[in-house]
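Where a number appears in this text, it was derived from the coordinates with a stated rule and is not lab data. If you're wondering where the values come from, they're calculated on a predicted model, not measured in any experiment. Here Cβ is always computed from backbone atoms with ideal geometry, including for glycine, and neighbour counts include all displayed protein chains.
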Amino acid sequence: MKVVAAIDSFKGSMTSLEVAAAFEKGVKKVYKDAEFIKIPLADGGEGTVKALIDNLDGKMVNIKVKDPLMRDIDSFYGICGDGKTAVIEMAAASGLPLLSPDERNPLKATTFGTGELIKDALEKGCREFIIGIGGSATNDAGTGMLSALGYIFLDENGNELEPNGENLINIKSFKDDKVMKEVSEAKFLIACDVDNPFYGTNGAAHVYGKQKGATGDIIKILDDGMRNFSNVIEKIKKTDISNISGSGAAGGLGGAFTAFFNSELKPGIDIITEKIELENKINGSDYVITGEGRIDFQSAMGKTPSGVAKLAKKYGIPVIAIGGSVDDEIGNIYDCGITAAFSIIDSPMTLGEAMDTKNAQRLVEKTAEQIFRLIKQNKKN
């Protein structure tokens, strides 16, 4: 019996490896000699750095950078075992969770700290980058990140502007003579799971501005600024990013990568599964286990369970998904290749009890044992 566990973290409760280890205990209560392979996963969001450095013999780098409001914070990124590939979660420097609800202000918030992470990795010799851009607090079109790397943005009088959402409308030109030369040597793979254009009714400000603290008037200011900056980019760099799918991701950060760097925007789960060669590891297994904290209709939309299941489906391998909760409307996940989905909750309990790490591990172990008891009995028949 060979079982491969490729599970996302249960955010706020268990890491990917903690979930897999608990599941392994349950399986081995039934199949003591089972070969059980644990593969930590993420979909480009929280946990991406840890998943990749765990799989690729990497290391964590701790560093002080600026938060979205230019305050010093402790942050991190990863360097893979090859010493050349950096893995960054932009939310670790420019993310919404770094701000309290009353601090959220996309007019002032900046991606400068994300640029500092990239700069440090470049200085350490990295030239390949995997960057997850989910969970941003910003709508500065990536100007903060670009500023940290040496770009200078100017108004009509040639005055330098602070890189934030408020000043996008005032940008008339930019200078790149002080940009790190290493930037031109680097390649950026951007984990992006949305298709929003740079501006407009489906663009960054209109779709995501409210959750970042923007009201109706502020959303218009931001969207007008995005339109202006897009026009400046087209004029100077001869690149039209206005309608590129994903250019509006992370408050326009996707567009900045597209316009200024050698980059590619791609679904996060695809980036990660390809990088760790998950398909090869799954092939030949009897069962594949996947999951995340909540299994719902979104699990089929570029999330870890669907990415894993699509690979297993190629080889006809049954896929069992587990979650802290399983929604009623999950019919679409079966089309991806998931055979069945199970909630680990075994009795009424509070959310705090369900998310307690030790209790959650117990629940995963118990669920795994029951599933594989059924599998064993079915094989006897």
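What is the calculated FRET efficiency for I73 to K379, with r their C-beta to C-beta distance and R₀ = 41 Å, to the nearest 0.05?
0.20
How high is the relative contact order of segment 48-269, in percent, counting Cα pairs under 8 Å that sit 6 or more residues apart?
Once normalised by length, the contact order is 19 percent.
Aspartates and glutamates within cross-link reach of K358: Cα-Cα under 13 Å, excluding same-chain residues under 8 positions apart?
Output for K358: E18.
Given the Cα-Cα distance of N243 and E185 and 0.36 nm per residue of separation, how much length would full extension add, in nm?
18.2 nm
Is segment 197-281 best put as rounded, prolate or oblate by its Cα gyration tensor, with a ≥ b ≥ c the root eigenvalues, rounded for a/c under 1.5, and otherwise prolate when a/b is larger than b/c, oblate when not?
oblate
Could you list, in their original order, any pairs among K310/K376; K29/K50; K2/K32; K2/K266; K59/K124; K172/K238 whose Cα atoms are separated by more than 19 Å?
Pairs exceeding the cut-off: K310/K376; K29/K50; K2/K266.
With mean projected area of the Cα convex hull in nm² defined as stated, name the option among [x] 19.7; [y] 21.0; [z] 17.6 computed from the structure displayed.
Correct label is [x].
Please state the shape class of segment 196-345: rounded when a/c is under 1.5, otherwise prolate if a/b exceeds b/c and oblate if not, all from the C-alpha gyration tensor.
Oblate, because a/c is 1.5 or more while a/b does not exceed b/c.
Restricting the count to DSSP beta bridges whose residues both fall in segment 48-269, what percent are antiparallel, rounded to a multiple of 5?
50
Straight-line reach from K366: which aspartates and glutamates fall under 13 Å, measuring Cα to Cα and dropping same-chain residues less than 8 apart?
E24, D346
Over the chain, what is the mean sequence separation of C-alpha contacts under 8 Å (at least six apart), divided by residue count, expressed as relative contact order in percent?
Worked out over the chain, it gives 18 percent.
Tell me whether segment 25-94 comes out rounded, prolate or oblate; compute the Cα gyration tensor, take square roots of the eigenvalues as a ≥ b ≥ c, and use a/c under 1.5 as the rounded threshold.
Verdict is prolate for segment 25-94.
Would you mind getting me the FRET efficiency between E123 and K32? Use the beta-carbon distance for r and R0 = 45 Å, nearest 0.05.
Once rounded, the FRET efficiency stands at 0.35.
I'd like the distance separating the alpha-carbon centroids of segment 150-217 and segment 260-307, in whole Å.
A separation of 29 Å, based on Cα centres.
Would you work out which of G316, I276, A341 lies farthest towards the positive end of the dipole of the chain? Charges go on Cβ: Lys and Arg +1, Asp and Glu -1.
Positive-end residue among those listed: G316.
For Cα pairs less than 8 Å apart in space and 6+ apart in sequence, what is the mean separation divided by the residue count of segment 1-140, i.e. the relative contact order in percent?
After rounding, I find 21 percent.
Tell me, what is the FRET efficiency for N62 and K11 to the nearest 0.05, using R0 = 30 angstrom and their Cβ-Cβ distance as r?
0.90
May I ask for the angle, rounded to the nearest 10°, between helix 112-123 and the longest principal axis of the chain, with both axes built from Cα atoms and the value confined to 0 to 90°?
Between helix and principal axis, roughly 80 degrees.
Taking segment 86-158, which GluC sites (Glu not before Pro) meet the DSSP loop condition and have no more than 14 other C-beta atoms within 10 Å?
Taking segment 86-158 and a limit of 14 other Cβ atoms within 10 Å, the loop GluC sites (Glu not before Pro) found are E156.
So, in nm, how far is label F297 from label K175 when the simple model puts each one 7 Å beyond its Cα toward the Cβ?
Placing both labels 7 Å along Cα→Cβ, they lie 5.2 nm apart.
Ranked highest first by the average count of other Cβ atoms within 10 Å around their residues, in what order do 331-337, 223-229, 315-321 fall?
Going from most to least packed, we get 223-229, 315-321, 331-337.
For the chain, give the magnitude of the charge dipole about the Cα centre (Cβ charges: +1 Lys/Arg, -1 Asp/Glu; no others), in debye to the nearest 20.
The dipole of the chain has a size of about 1080 debye.
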